[in-house]
Amino acid sequence: MAMTFDQNANDDVADFLLEHEERITEDWLRVGFFAQHGSQDVEQARADCRAVLAAIADAARSGRAHDPAAPGFLQVRALLGDLVAMRTRHGESPSQTALELSRLKQPVLDLWTRHRGNEANHVAHTVLLSTALDTLRLAVVETALSAGADIIAYQQQQLMELSTPVIKLWDNVLAVPLIGTLDSARSQVAMESLLQAIVDHQAAVAILDITGVPTIDTMVAQHLLKTAMAARLMGAECVISGIRPQIAQTMVQLGIELGEVNTRGTLADALAYALRRIGLSVNRAETA
Amino acid sequence: MEARVVTIATELDIVRVRQAVRDVAVRGRFSLVEQTKLVTAASELARNALVHGGGGEVTVQVEPVGTGTRVRLVFVDHGPGIADLDQALTDGFTTGSGLGLGLGGARRLVDEFHIESAPGRGTTVTISSTSGGAVR
């Protein structure tokens, strides 16, 4: 919905906001939003208020009081982002923040009515003023939402990176701790990095640890078997460890047979087995 | 009786189905083994609905039975359907590249298993399990 106001009204409202900057700032500090969560000092909050007021005035003057992408609002995006981020850290949702922001409106409208309430065209002006303050709210919510999207993208990236490390447990012994949901893509990544590591470390035994995989269905089992088979083709023996009792029972009833693949209950058992396979034994150190 | 529907349209939805089923199984006081069996069966059937049925949905129903809880899952897809059910339930039979254990395995993991399908009419699989092994 496009709203148009004549330029006189735009200038009037902008001038009014700047003229009463001092008073509105005091009111806003009392209402909250700018001066909450204690740690922030009052001078900073006052400066923030003035910056946001100037932004609203600028947007109104340029005839774009309804547009959160108006230059005035864009200038305070970073500031609004910081304020929202601070609130998010305190566990507040964007809608709570928006509600909090709506309380900035009343004091300004009250002030307007007190000073200009008896002018002929005051209703049109009030609507304009109200629109500008609503747009501030919209700008803040937009900022909050885009911040959320950024966090999600960042976390997805992080998740990909931590997905499948290959760990050298001993000379010629490797382990891959698999965690979470094993879909086709992740299984493929795990298999590739394990096979490469077998070459790099001349591994004789590779341990696939599935302690962190909550569900082993036939597809996951198939991926594990394929990985074990590929490892064997490269001359490394594959051991699957971390099979918990409930997983073992479920696999039996599903009818999954791991064939010649060795399995162990825990990673420690698998390591002990691997050390034996490469001809090492672990003895208690003699104490003097 | 409370019911909830989960759509199966992507690989990610299979995870969502597993989470939904695990959630009701935990609340229904299923033992760890019972939970794992039911979730695994749900995972198999959800994947079947996605891979062979081209997507579908599952209805999760929970009702108290005696001292336990019965969880019933109804998987519906509108794919090509299955011509020979006996063959489809045979271990090792697969039309895709899987192990061919999904359908038969799922049947062994739950208390009740019912499948309805015909070529061109999609497939409906109903399974249920009861916590505490109260009613078998």
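The values are calculated or read from the model by the stated rules, or taken from the named source; none is laboratory data. The shown structure was predicted, so the numbers you read here are calculated from the model rather than taken from an experiment. Heads up, the Cβs are rebuilt from the backbone with ideal geometry, glycines too, and the neighbour counts pull from every protein chain shown.
Annotation: B:Gly98 fulfils all but one of (1) at pLDDT below 90; (2) surrounded by 15 or more Cβ atoms within 10 Å (Cβ to Cβ); (3) away from every other protein chain (no Cβ under 11 Å); the unmet one is (3).
Of everything listed in (1) within 14 Å of chain B (Cβ to nearest Cβ); (2) in a helix (DSSP H, G or I); (3) among the hydroxyl-bearing types (Ser, Thr, Tyr), the single unmet condition for A:Thr215 is (2). Scanning region A:87-100 for residues that are under 15 Å from A:Gly148 (Cβ atoms) and part of a helix (DSSP H, G or I) yields A:Arg87, A:Thr88, A:Arg89, A:Pro94, A:Ser95, A:Gln96, A:Thr97, A:Ala98. Has region A:174-195 got at least one residue that is closer than 26 Å to B:Arg47 by Cβ, part of a helix (DSSP H, G or I), in contact with a strand residue (DSSP E or B) (Cβ under 8 Å, 6 or more places away or on another chain) and at pLDDT below 85? Yes: region A:174-195 contains one or more residues that are closer than 26 Å to B:Arg47 by Cβ, part of a helix (DSSP H, G or I), in contact with a strand residue (DSSP E or B) (Cβ under 8 Å, 6 or more places away or on another chain) and at pLDDT below 85. Among the residues of region A:222-260, those that are in a helix (DSSP H, G or I), more than 23 Å from A:Ala203 (Cα to Cα) and either more than 11 Å from every other protein chain (Cβ to nearest Cβ) or of a type in the set (A, V, I, L, M) (or both) comprise A:Ile247, A:Ala248, A:Met251, A:Val252, A:Leu254. Of all the listed residues (A:Ala9, A:Ala78, A:Ala98, A:Ala70), the sole one being under 15 Å from A:Arg137 (Cα atoms) and surrounded by 16 or more Cβ atoms within 10 Å (Cβ to Cβ) is A:Ala70. The condition (being under 33 Å from the mean Cα position of the chain (by Cα), crowded, with 17+ Cβ neighbours inside 10 Å and under 29 Å from B:Leu32 (Cβ atoms)) is satisfied by just one residue among A:Ile167, A:Ile216, A:Ile240, A:Ile256: A:Ile216. Exactly one residue out of A:Leu225, A:Leu208 is surrounded by fewer than 21 Cβ atoms within 10 Å (Cβ to Cβ), hydrophobic (A, V, I, L, M, F, W, C) and touching a Leu at 6+ places or on another chain (Cβ under 9 Å): that is A:Leu225.
Tallying residues that are among the aliphatic types (A, V, I, L, M) and either under 13 Å from B:His78 (Cβ atoms) or not in a strand (DSSP E or B) (or both) within region B:113-124 yields 1. Selection of first residues in region B:1-25 that are within 11 Å of another protein chain (Cβ to nearest Cβ) and of second residues that are surrounded by fewer than 17 Cβ atoms within 10 Å (Cβ to Cβ) and assigned to a strand (DSSP E or B), restricted to Cβ pairs under 9 Å at least 6 apart or on distinct chains, gives the following pairs, ordered by first then second residue: B:Arg16/B:Thr7. The lone criterion from (1) without any contact (Cβ under 8 Å) to a residue 40 or more places away in the chain; (2) closer than 25 Å to A:Ser184 by Cβ left unmet by B:Leu109 is number (1). Tell me whether region B:50-61 contains one or more residues that are over 20 Å from B:Gly132 (Cα atoms) and among the acidic types (Asp, Glu). Checked against the condition, which is being over 20 Å from B:Gly132 (Cα atoms) and among the acidic types (Asp, Glu), region B:50-61 yields at least one hit. Restricting B:Ser131, B:Ser97 to those that are among the polar types (S, T, N, Q) and in contact with a helix residue (DSSP H, G or I) (Cβ under 8 Å, 6 or more places away or on another chain) reduces the list to B:Ser131. B:Gly122 meets each of the listed conditions (1) under 21 Å from B:Val26 (Cα atoms); (2) touching a Gly at 6+ places or on another chain (Cβ under 6 Å); (3) buried (at least 18 other Cβ atoms within 10 Å of the Cβ); (4) small (Gly, Ala, Ser) apart from (1).
For region A:264-273, indicate whether the set of residues that are β-branched (Val, Ile, Thr), away from chain B (no Cβ under 14 Å) and under 32 Å from the mean Cα position of the chain (by Cα) is non-empty.
Our first condition is that a residue be β-branched (Val, Ile, Thr); within region A:264-273, this holds for A:266.
Still in the list and also away from chain B (no Cβ under 14 Å): A:266.
Those left that are additionally under 32 Å from the mean Cα position of the chain (by Cα): none.
The answer is no, given that none of the residues of region A:264-273 is β-branched (Val, Ile, Thr), away from chain B (no Cβ under 14 Å) and under 32 Å from the mean Cα position of the chain (by Cα).
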